[in-house]
Amino acid sequence: MIKIGISGILGTMGGVLRNTVLKDSRFELVGGLDKQNTDISVEHLNLLPKMDVLIDFSHPSLLKVLLDYAKENHVKLVLAATGYQKSDFDLINLYAKDVAIFYSANYSVGIYLVRKALKEVSKHIDSSYDIEIVETHHRFKKDFPSGTAIKLYDEVNEALVEKKKMIVGTSSDLGIHMHSLRLGNFVGEHSVFFSNMSETIEIKHTAHDKSVFAAGTLKAASFMMDKASGLYGMDDLLGGNT
């Protein structure tokens, strides 16, 4: 049985993950923490029961503490917080020399398949196509564009013969335009449009329930059990990389 700890356990996704873990006999929930309670330090985390994997749905401000705790206690990390900056990724890559870390901007298997489809389609897209990305989330999501939308842009742009810069919002500038909507209670919806004067291609993913993301983090947790160190992602989990 894999012993799971949850960072951000009082948040929306932390609660969904907690309920998912409690229903799955392969996992044991041993404890959790949340920044709403106190200013978290490594000493606070050391008070938690021994765990195999710590899954983080909290906030980038806790990243350094979680990395230090994982390194000190040989705990594997599954990072699922949003809003990381370049300096955060630099830190993750540094600690991955000693800690087994799994990171993905989105833990949905469907989004992984969309990424693969976008890469294939984009290889054949020429300059006659306009490219637009539209992402919709609930009204309380603070970061925009979402990490998933940025990842979809990266997949498209890396495969294009002629590279295009990201442009947030509508403008006359040439590039891949990114539009972020924050409405009601949307779980997550991402659409990528390729359109010229003759045809339009739309590749779309809609998440109906947040449990899809919790299930993905638990797949990642299971995958990480035999990993001593290194940075892993959905390509490793689902794409057959080792």
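The values are calculated or read from the model by the stated rules, or taken from the named source; none is laboratory data. This structure is a prediction, so every number in the text was calculated from the model and none was measured. Virtual Cβ from ideal backbone geometry, glycine too; neighbours counted across all protein chains shown.
Among the residues making up the range 210-228, those that are surrounded by 11 or more Cβ atoms within 10 Å (Cβ to Cβ), out of contact with any strand residue (DSSP E or B) (no Cβ under 6 Å at 6 or more places or on another chain) and not basic (K, R) are S211, V212, F213, A214, A215, G216, L218, S222, F223, M225. When every residue of the range 13-32 is checked against the conditions, none turns out to be at pLDDT below 90, crowded, with 19+ Cβ neighbours inside 10 Å and within 23 Å of S104 (Cα to Cα). Residue-level analysis places L94 among those that are farther than 22 Å from H208 by Cα, among the hydrophobic types (A, V, I, L, M, F, W, C), outside any loop (DSSP other than H, G, I, E, B) and without any contact (Cβ under 8 Å) to a residue 40 or more places away in the chain. Residues in the range 185-200: is at least one assigned by TED's automatic domain parsing to the domain that holds E135, under 16 Å from L118 (Cβ atoms), surrounded by fewer than 15 Cβ atoms within 10 Å (Cβ to Cβ) and more than 16 Å from the chain's Cα centre (by Cα)? Among the residues of the range 185-200, at least one is assigned by TED's automatic domain parsing to the domain that holds E135, under 16 Å from L118 (Cβ atoms), surrounded by fewer than 15 Cβ atoms within 10 Å (Cβ to Cβ) and more than 16 Å from the chain's Cα centre (by Cα), which makes the answer yes.
Residues in the range 194-210 that are in contact (Cβ under 8 Å) with a residue 24 or more places away in the chain and part of a loop (DSSP other than H, G, I, E, B) were compared, and the one that is farthest from H124 (Cα to Cα) is K210. Here I40 passes the criteria (1) within 22 Å of the chain's Cα centre (by Cα); (2) buried (at least 17 other Cβ atoms within 10 Å of the Cβ); (3) among the β-branched types (V, I, T); (4) under 27 Å from F144 (Cβ atoms) except the one numbered (1). Of the residues A117, A70, the single one that is assigned to a helix (DSSP H, G or I), out of contact with any Ser or Thr (no Cβ under 8 Å at 6 or more places or on another chain) and closer than 20 Å to V212 by Cα is A117. If you go through the range 150-163 and keep only what is modelled with pLDDT of 95 or more and assigned to a loop (DSSP other than H, G, I, E, B), you end up with just L160. Of note, L79 satisfies the criterion of being in contact (Cβ under 8 Å) with a residue 12 or more places away in the chain and either out of contact with any strand residue (DSSP E or B) (no Cβ under 9 Å at 6 or more places or on another chain) or within 22 Å of S211 (Cα to Cα) (or both).
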